[in-house]
Amino acid sequence: MKFSDIVGHNELKRRLAQQIDAGRVSHAQLFTGLAGYGTLPMALAYVQYLFCPNRKDGDSCGVCPACQQVEALAHPDLHLVYPVNKREKKSGEAVTSDMFIKEWREIWQQKRGIFSAEEWYDRLDLGKTMKGLITAKESEEIIRKLSFKSYSSKYKAMIIWLPEAMNQEAANKILKILEEPWDNTLFILVSEHPELLLQTITSRTQEVAIGRIDVASLEAEALAEGKTQQEANIMARLAGGSLLELGELIRGEVDEARKQYFELFCRLMRLSYNDRHLELFEWADDMTALTREGQRQFFLHSVRLLRESYMLHAGLGSISYLWGEEREFCTKFAPFIGNQNIEILIAEIERAMAQIAQNGSPRIVFTHFSLAVSKLINRL
């Protein structure tokens, strides 16, 4: 994975390459950002640039043995850890990343590193409720692997994808090596939710924030897929900086799901405005029927619709990217979203998203959330 293979983030890629060229390689780094922003590919491109002996013009060569081995996730000095689990696990059985390296390489090659935790768990066939974990046994393996000398590169690199999946025992086991690593050892933690990490972990790392991909880069991707200029522009805006979202829009896979989230949003706001609290309990029950990823997507779509409604309320409809039923509803709904409640509503969504991510009871989370929204919609 070369820096040039990554969509957008040109300034960040230039800065990361300059740090390596200048020998300023922090031993423990925390790459933060959603999967669709290209956070995992950025981590791999960083390691490939570090390992490449033929760097040129701020990028790895892509053809030397080191580059080809990193690209295939088979470099002897590159170690990978990611959440894993399996059904019908035997009592006391330790499940580690190495047991699923074949599946990991397959999804990497197919998705080029742009995939969600849910897609990975589907690949592991974990069902709707079971999630991957990074256990204490995995932490012991991390320490064991890094205790060996590097094989062909000056550095040894350990990439931990979704470190928030570590339990406390696992996190505590790697604290010392994060603080006092062996020479020329690089840790990269790739996290979507750094707020869930232990503060003792984050304090030992240097954060590299991977933000949203710019609209122009996403628009170019959509155009390359055969979309018209107008379609590409709208899709790039709706994607919210995410290649995952853009890919689904291009393929038309989100149409049905987007309609469902929109209907749930409309129903919540109408019930809230009319103070029909008993029916809000029914709405919360319907939300529990969604998968965890579906619940997360509902929140993301709700943020988008609230933002667009606020823009309409502020008289900025000319730069609003809504059409059809969404625009019709948000135009009528806009008077109820203003300075008095927009920030509080977004904060409620962020709080509920965090609670769901921490495996909170969906019924309790969505009941509390719907009642909180009901109070806020009537603030104006």
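Please treat every number below as a calculation from the coordinates, not as lab data. Just so you know, these numbers come straight off a predicted model, no measurement behind them. As a convention, Cβ positions derive from the backbone with ideal geometry for all residues, glycine included, and neighbour counts pool all protein chains shown.
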Could I have the simple spin-label model distance between Arg237 and Arg144, label points 7 Å from Cα toward Cβ, reported in nm to one decimal? 5.5 nm
What is the stretch 172-327 by shape, rounded, prolate or oblate, if you read a ≥ b ≥ c off the alpha carbon gyration tensor as root eigenvalues and call it rounded for a/c under 1.5, prolate for a/b larger than b/c, and oblate otherwise? oblate
Looking only at aspartates and glutamates whose Cα falls under 19 Å of Lys90's and that sit 8 or more positions away or on another chain, we get Asp98, Asp125, Glu138
Table column - 3J(HN,Hα) (Hz), the stretch 156-167, Karplus curve with 6.51, -1.76, 1.60, x for Gly and Pro: 10, 10, 10, 9, 10, 8, 6, x, 5, 7, 6, 7
Theoretical ellipticity at 222 nm over the chain - DSSP helices of four or more residues, -39500 (n - 2.57) apiece, nearest 500: -16500 deg cm²/dmol
Tell me the volume per residue, in Å³, of the convex hull enclosing the alpha carbons of the stretch 189-233. 91 Å³
Please list log₁₀ I(q)/I(0) at q = 0.11, 0.23 Å⁻¹ for the stretch 255-377, using the Debye equation with identical point scatterers on the alpha-carbon positions. -0.34, -1.49
So which lysines pass the test for Lys111, namely a Cα distance under 23 Å, with those fewer than 8 places away in the same chain ruled out? Lys2, Lys13, Lys86, Lys102, Lys128, Lys131, Lys227
Less than 20 Å apart at the alpha-carbon level, and either on another chain or at least 8 residues along: which lysines does that give for Lys176? Lys137, Lys145, Lys149, Lys156
Interchain or long-range residues, amide H under 5 Å from Phe187's placed H: Ala28, Gln29, Met158
Label Glu119 and Gln260 with points 7 Å out from Cα along Cα→Cβ: what is the distance between them in nm? 1.9 nm
Compute the separation of the alpha-carbon centres of the stretch 241-271 and the stretch 351-380 and state it in Å as a whole number. 19 Å
On a full-extension model of 0.36 nm per residue, what is the gain between Thr291 and Lys375, subtracting their alpha-carbon distance, rounded to one decimal in nm? 27.6 nm
Gaussian network model of the chain, springs between alpha carbon atoms under 10 Å - residue of Ala170, Ala222, Ala257 with greatest fluctuation: Ala257
Report, as a whole number in µm² per second, the diffusion coefficient that Stokes-Einstein gives for the chain at 4 °C and 1.567 mPa s using the Kirkwood radius over alpha carbon pairs. 58 µm²/s
What's the ranking of 80-89, 294-303 by average number of surrounding C-beta atoms within 10 Å, highest first? 294-303, 80-89
Debye equation applied to the C-alpha atoms of the stretch 3-209, log10 I(q)/I(0) at 0.10, 0.14 Å⁻¹: -0.40, -0.81
Can you give the FRET efficiency for Asp275 and Gln230, using 1/(1 + (r/R0)^6), R0 = 51 Å, r = Cβ-Cβ distance, to the nearest 0.05? 0.80
Between Ala354 and Asn54, what FRET efficiency comes out of the Förster formula 1/(1 + (r/R0)^6) with R0 = 41 Å and r the beta carbon distance, rounded to 0.05? 0.40
When Lys and Arg each count +1 and Asp and Glu each count -1, what net charge do the other residues less than 14 Å away from Thr185, Cβ to Cβ, add up to? +3
Can you tally the net charge around Val70? Count Lys and Arg as +1, Asp and Glu as -1, for every other residue whose Cβ sits under 15 Å from the Cβ of Val70. +2
Angle, helix 101-111 long axis vs. longest principal axis of the chain, Cα atoms, 0 to 90°, nearest 10? 60 degrees
